[in-house]
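A.B. asks: The structure is given below, and queries will be raised subsequently.
The values are calculated or read from the model by the stated rules, or taken from the named source; none is laboratory data. Just so it is clear, the structure is predicted and the values come from calculations on it, not from any experiment. Every residue, glycine as well, gets a Cβ built from its backbone with ideal geometry; the counts of neighbours run over all protein chains shown.
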Amino acid sequence: MIAKPTIERSMVLSRKRESDESEGPAPGRFLTSIRGARVTKRIAWTSLALVVLMIAGSDNRTMLAGEKARGHDQVFAACAKACADCTNSCASCYHRCLNLLSAGKKDHRKALILCNDCAEVCSTAAKLTSRHSPFSAVICEACAKTCDECRAACAKFSQDKHMTDCAKACEDCATACREMIKHLPKTTASLEQGGR
């Protein structure tokens, strides 16, 4: 037969639990809890050290990537500025050639056409490179070739400062475009080659 718990027995058991708790943990449990605390502390310090090392390492990589990005951004900005300057110079030279052509100087006809076309191509290149378009390589290659042609046509008139200034702007733009193409990833440059 199973003994039923009586009220007296329950009271005795509850007093025994209270006296055990007031005495603290048993000696073996105390040492285990000290060792556990030490292990936990070591784990915490090791984790903290690892986190600090990871942050320090990522800062260096971020700085290096940031420096590379700044250099990349500077090349794009320089190209966009050279293209915008060339746009203005070619548009101005176009008007100069138009006036000279109207005055009967037909030898400015080729320069007139090339300055107008070069201004348009440079304007598009300035817009695309300023926003880091994936088509920057394509347009800058076209821009450099257009600038080479326009520079050659304007340089023939070495006695006219307006024409020589345009030739210089075209030369600077072509150089900036070719420099920018060198800084583009190969995947973007492959757009120029039809994805080969």
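A.B. asks: Name the residue, out of 101, 114, that is surrounded by 24 or more Cβ atoms within 10 Å (Cβ to Cβ), out of contact with any Phe, Trp or Tyr (no Cβ under 7 Å at 6 or more places or on another chain) and among the hydrophobic types (A, V, I, L, M, F, W, C).
C.D. replies: Only one candidate qualifies: 114.
A.B. asks: Report yes if residue 182 is at pLDDT below 95, more than 14 Å from residue 80 (Cβ to Cβ) and not hydroxyl-bearing (Ser, Thr, Tyr), otherwise no.
C.D. replies: Against the criterion (at pLDDT below 95, more than 14 Å from residue 80 (Cβ to Cβ) and not hydroxyl-bearing (Ser, Thr, Tyr)), residue 182 qualifies.
Let's see how each residue does on (1) modelled with pLDDT of 95 or more; (2) more than 36 Å from the chain's Cα centre (by Cα):
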position: 75; (1), (2): no, no
position: 111; (1), (2): yes, yes
position: 116; (1), (2): yes, no
position: 119; (1), (2): yes, no
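For every residue, the table says whether it meets (1) within 23 Å of residue 181 (Cβ to Cβ); (2) of a type outside the set (A, V, I, L, M, F, W, C).
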| residue | (1), (2) |
| --- | --- |
| 82 | yes, no |
| 110 | no, yes |
| 135 | yes, no |
| 146 | yes, yes |
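A.B. asks: Hey, another quick one. I need every pair where a residue in segment 140-158 that is within 17 Å of residue 85 (Cα to Cα) has its Cβ under 6 Å from the Cβ of a residue that is surrounded by 21 or more Cβ atoms within 10 Å (Cβ to Cβ) and of a type in the set (Gly, Ala, Ser), sequence separation at least 6 or different chains.
C.D. replies: That search, which allows pairs on different chains as well, returns 140/125; 143/125; 144/174; 147/174; 148/174; 151/167; 154/111; 154/167.
A.B. asks: One residue is enough: does segment 73-88 have a residue meeting the conditions of a type in the set (Ser, Thr, Tyr), touching a Lys or Arg at 6+ places or on another chain (Cβ under 9 Å) and crowded, with 21+ Cβ neighbours inside 10 Å?
C.D. replies: No, that holds for no residue.
A.B. asks: If you don't mind, there's one more thing I want to ask. Being crowded, with 24+ Cβ neighbours inside 10 Å, small (Gly, Ala, Ser) and out of contact with any Asp or Glu (no Cβ under 7 Å at 6 or more places or on another chain) is true for just one of 176, 169, 152. Which residue is that?
C.D. replies: Being crowded, with 24+ Cβ neighbours inside 10 Å, small (Gly, Ala, Ser) and out of contact with any Asp or Glu (no Cβ under 7 Å at 6 or more places or on another chain) holds for just one of 176, 169, 152, which is 176.
A.B. asks: So if I check each of 164, 129, which one is within 18 Å of residue 99 (Cα to Cα), hydroxyl-bearing (Ser, Thr, Tyr) and either without any contact (Cβ under 8 Å) to a residue 60 or more places away in the chain or in contact with a Leu (Cβ under 9 Å, 6 or more places away or on another chain) (or both)?
C.D. replies: Going through 164, 129 in turn, just one is within 18 Å of residue 99 (Cα to Cα), hydroxyl-bearing (Ser, Thr, Tyr) and either without any contact (Cβ under 8 Å) to a residue 60 or more places away in the chain or in contact with a Leu (Cβ under 9 Å, 6 or more places away or on another chain) (or both): 164.
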